[in-house]
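This report refers to the structure that appears directly beneath it.
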Amino acid sequence: MSEVPVPVLQVDGLVKHFPVSRGIILRRQVGLVRAVEDVSFEIARGETLALVGESGCGKSTTGRLVLRLMDPTAGSVRFKGEEIATLDKGALRRLRRHMQIIFQDPYASLNPRMTVGEILAEPLQVHARRYPHQFSGGQRQRIGIARALAVNPDLIVCDEPVSALDVSIQAQIVNLLQNLQQCFGLSYLFIAHDLAVVKHISDRVAVMYLGKLVEIADKKTIYARPLHPYTQALLSAIPKPDPSLRTRRVMLQGELPSPFNPPTGCRFHTRCPHAEARCATEEPKLREAAPGHRVACHFFETLPAPIIVARAGAAKGKFAERLAAFEAAKQTRTSAGQ
Ligand SMILES: Nc1ncnc2c1ncn2[C@@H]1O[C@H](COP(=O)(O)OP(=O)(O)OP(=O)(O)O)[C@@H](O)[C@H]1O
Ligand code: SF4
Ligand SMILES: [Mg+2]
């Protein structure tokens, strides 16, 4: 019998609550922000899992918990089979070398008083005499990636790594991340809200809503046959790949409730076009719709099919075009340089 390989990352029942306090002199806790609530997923070696959802749904918190940059309220995070949610500081420091993070704004994560040489020299001993502000956004993201790769990691959490970049640069960085993944067998947790980019880079997609995973499946399934009404709404709202719209967040009808006071039952029931009485009182569990495809909705078996596939495909086409144009330009540069 062949052995099943241990996933690079196994997240099980992850919970993060932030206490909210009021009062200046007598501070007292008045409640909890339920940022991450019972989240479970796995990432295999060389695989990219995308984590998508609206602002504030808990994506970055999940990414930070995975790297143990903060302690979880509950749950388990195993890195190559080893539990890290309870590791002591020394053991954690050793393990951290194998897990890195790339941020949306590399400028904020690069020390402005260190030269790039010094930043890279922390792990590498190389020299360069320029400071982060002397580079463009795309160059800085490359430096952020170089820094992450310098310690030869297995897993990289990419927290919106291209969201702040010009559209043409996005394609270059995504292409770079994919090439590096192939060279080094890296696994990515790719946090994003641009579903066109996610469609390009991911193997599987996990959709979060107010701290909970509502759907997870391989990329093809999510885009061709999304079963959760929230996933369907997100896909229908893919913004046009027009540079002037690149920073716009995916928005749904109705107000996004707060994770400080999430709705009872199904958290999506206040905005769901298919909600019924049961949805306000009973929380749906993640159930298997097909092997590898899990959905948290009471009624996914009987909901009407969405009318979104063509638009999702169109968005992908545009991103693929950007990438093709970049590849062509690179080819020209390479042959001109020979
Ligand atoms: N240190 C903290 N203390 C209190 N609340 C926090 C803290 N960090 C995050 N939160 C809250 O937890 C929730 C989830 O935040 P998080 O940053 O994980 O969301 P996100 O999905 O990454 O959003 P965005 O797309 O805007 O980056 C938010 O309501 C946020 O305000
Ligand atoms: S459980 Fe109800 S409210 Fe929640 S997604 Fe399904 S139909 Fe909508
Ligand atoms: Mg975030």
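Nothing in this text is a laboratory measurement; each read-out follows from the coordinates by a stated rule. Computed from a predicted model, the values in this text were never measured in an experiment. FYI the Cβ positions are ideal-geometry reconstructions off the backbone, even for glycines, and counts take in every protein chain you see.
Considering only 95, 66, 10, whose Cα is most displaced toward the positive end of the charge dipole of segment 7-101, charges sitting on Cβ of Lys, Arg (+1) and Asp, Glu (-1)?
Working it through, the farthest residue towards the positive pole turns out to be 95.
Could you sort the peptides 143-153, 273-283 by per-residue average Cβ neighbour count (10 Å cutoff), highest mean leading?
Taking the mean over residues of other Cβ atoms within 10 Å, the ranking is 143-153, 273-283.
Quickly rank 172-180, 198-206 as a protection proxy: mean count of other C-beta atoms within 10 Å, highest first.
Most protected by this proxy first, the peptides run 198-206, 172-180.
What are the radius of gyration and Dmax of segment 1-202, computed over its Cα atoms and given in Å?
Calculated on Cα positions, Rg and Dmax stand at 18.1, 64 Å.
Once you list every other residue whose beta carbon is under 10 Å from the beta carbon of residue 234, what net charge do they have if Lys and Arg are +1 and Asp and Glu are -1?
Its environment carries a net charge of -2.
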